[in-house]
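**Student:** Quick one: the structure is below, questions incoming.
Just so you know, all these numbers are worked out from the coordinates, no wet-lab data involved. These numbers come from a predicted model, not from an experiment. Note that each Cβ is placed from the backbone with ideal geometry, even for glycine, and that neighbours are counted across all protein chains shown.
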Amino acid sequence: MMRSILLIMSFVEYSDFIQEGDVAIVYQSHDCMIPVKVQSGTQTQTRYGVIRHSTDLIGQRYGSKVTCSKGGWVHVLHPTPELWTVTLPHRTQILYTTDIATITMMLELKPGSVVCESGTGSGSLSHAILRTIAPTGHLHTVEFHQQRAEKAAEEFREHRVDHLVTVRNQDVCQDGFGVTGVADAVFLDIPSPWEAVKHAKTAMKRHGGRVCSFSPCIEQVQRTCEALADQGFEEISTMEVLLRVHDVRTINLPLPDFGPDTDAEKTAPTPTPNQASVTLKTTTPPREIPGHTGYLTFATKPRT
Ligand SMILES: C[S@@+](CC[C@H](N)C(=O)[O-])C[C@H]1O[C@@H](n2cnc3c(N)ncnc32)[C@H](O)[C@@H]1O
């Protein structure tokens, strides 16, 4: 007997169909996407006209093309941490996918990892961490700005990942992460990370783990590295990740003239100069790479 299981949308699990209460991403173009809370009786304005949630969204497959009231169309996508990062309401500076991917890899995050993070900010990194550590890991995230902490907690509920995360509204430099000896990894994105390094160490497991600090300025990096070394962290290294957008061009190159092919000349005519070229795609790397966001400093806490 075939049984159909109706999965519910969350940021850590995929469901096929759009349901009441979901958060869906309305894709209008590559640089125009909006997150929408799906509620029957509600409508959303797009650049191609209105979409009505009851008829146009609920019950449709994620990925569907939906025709709007003015005749244009949009795609309705299942949310992912990557789409959330480019559509979320900014309450702070946020981390983007280039840095997030490096952080995830270098902190060795995986399903089941326990992670501490501060500050929560707009929750851009938090969503990516949650997707990686699900279904058995946990994120302890600390934010000292009360409204930001509350808003992040509300979004985690709406995105159905709240069972994987604890939000604490406190100053990480004074009060730490609120946990001891549990974390596999700690991430810091605060103005004075060196003040939180000792709390990072306290939060981490006895058998050690990885820590990362994100800072825009090299002076912050220097102070953090000193604090990490003072606390006995090892393998301290700092990197900057920059996107290098190559300029792709189509060019025509003349074929090299290797001289007459005596055998071929007997059977084929010699090509005229304008036939003897080849069309190629080339890329040119940029001379300067803009887009500095910050430096990522990684370190390892050894077993104690
Ligand atoms: C740049 S934002 C973090 C952005 C976040 N990584 C993201 O991807 O959305 C920095 C946050 O740290 C918080 N913060 C700064 N110092 C803090 C501290 N000592 N304790 C807790 N939170 C702090 C700020 O209120 C702010 O929300």
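**Student:** By how many nm would the segment from His292 to Thr67 lengthen if fully extended, with 0.36 nm per residue of separation less the alpha-carbon distance?
**Tutor:** Result for the pair: 77.0 nm of gain on full extension.
**Student:** Angle, helix 97-106 long axis vs. longest principal axis of the chain, Cα atoms, 0 to 90°, nearest 10?
**Tutor:** 70
**Student:** Subtracting the Cα-Cα distance from 0.36 nm times the residue separation, let me have the gained length for Leu255 to Val86 in nm, one decimal.
**Tutor:** 56.3 nm
**Student:** A further question on this structure: Report the residue, chosen from Cys32, Cys116, Cys212, that carries the largest GNM mean-square fluctuation when the chain is represented by alpha-carbon nodes joined by springs under 10 Å.
**Tutor:** Per the Cα network of the chain with a 10 Å cutoff, Cys32 tops the list.
**Student:** What's the center-to-center distance, using Cα atoms, between region 160-202 and region 281-297 in Å?
**Tutor:** One Cα centre to the other: 31 Å.
**Student:** Please turn the phi angles of region 22-27 into ³J(HN,Hα) values with the Karplus equation 6.51 cos²θ - 1.76 cosθ + 1.60 (θ = phi - 60°), one per residue in order, whole Hz, x for glycine and proline.
**Tutor:** Each residue's phi maps through the Karplus curve to give 5, 10, 10, 9, 8, 9 Hz.
**Student:** Could I ask something else about it? Looking at region 22-59, which trypsin sites (Lys or Arg not before Pro) are in a loop (DSSP not H, G, I, E or B) and have at most 15 other Cβ atoms within 10 Å?
**Tutor:** Arg47
**Student:** Gain in length, Arg47 to Val182, computed as 0.36 nm per residue apart minus the alpha-carbon separation, to one decimal in nm?
**Tutor:** My answer for the length gained is 43.8 nm.
**Student:** At R0 = 45 Å, how high is the FRET efficiency between Val248 and Thr304 if r is their beta carbon distance? Nearest 0.05 is fine.
**Tutor:** Plugging the Cβ-Cβ distance into 1/(1 + (r/R0)^6) gives 0.30.
**Student:** Moving to a separate point now. Using label points projected 7 Å from each Cα along Cα→Cβ, tell me how many nm separate Thr282 and Ile8, to one decimal.
**Tutor:** Taking the two extended label points, one gets 5.7 nm.
**Student:** Given the -39500 (n - 2.57) contribution per DSSP H run of 4+ residues, what per-residue ellipticity at 222 nm results for the chain, rounded to the nearest 500 deg cm²/dmol?
**Tutor:** Computed mean residue ellipticity for the chain: -6500 deg cm²/dmol.
**Student:** Here is a follow-up. If I build a Gaussian network model for the chain, linking alpha-carbon pairs within less than 10 angstrom, which residue out of Ala153, Ala227, Ala276 has the largest mean-square fluctuation?
**Tutor:** Ala276
**Student:** Relative to the longest principal Cα axis of the chain, at what angle does helix 124-133 sit, 0 to 90 degrees, rounded to 10?
**Tutor:** 90
**Student:** Right, next: Antiparallel as a % of all DSSP beta bridges within the chain, to the nearest 5?
**Tutor:** Rounded to the nearest five, the antiparallel share is 65 percent.
**Student:** Starting from the Cα of Cys217, step 7 Å toward the Cβ, then list every residue of region 87-131 with an amide N under 19 Å from that point.
**Tutor:** Residues passing the 19 Å test: 93-94, 119.
**Student:** Measuring from label point to label point, each 7 Å out along Cα→Cβ, what is the Ser54 to Gln93 span in nm?
**Tutor:** Label-label distance for Ser54 and Gln93, simple model: 4.7 nm.
**Student:** What's the tally of Lys pairs in the chain whose alpha-carbon atoms lie under 24 angstrom apart, where the two lysines are 8 or more places apart or on different chains?
**Tutor:** 9
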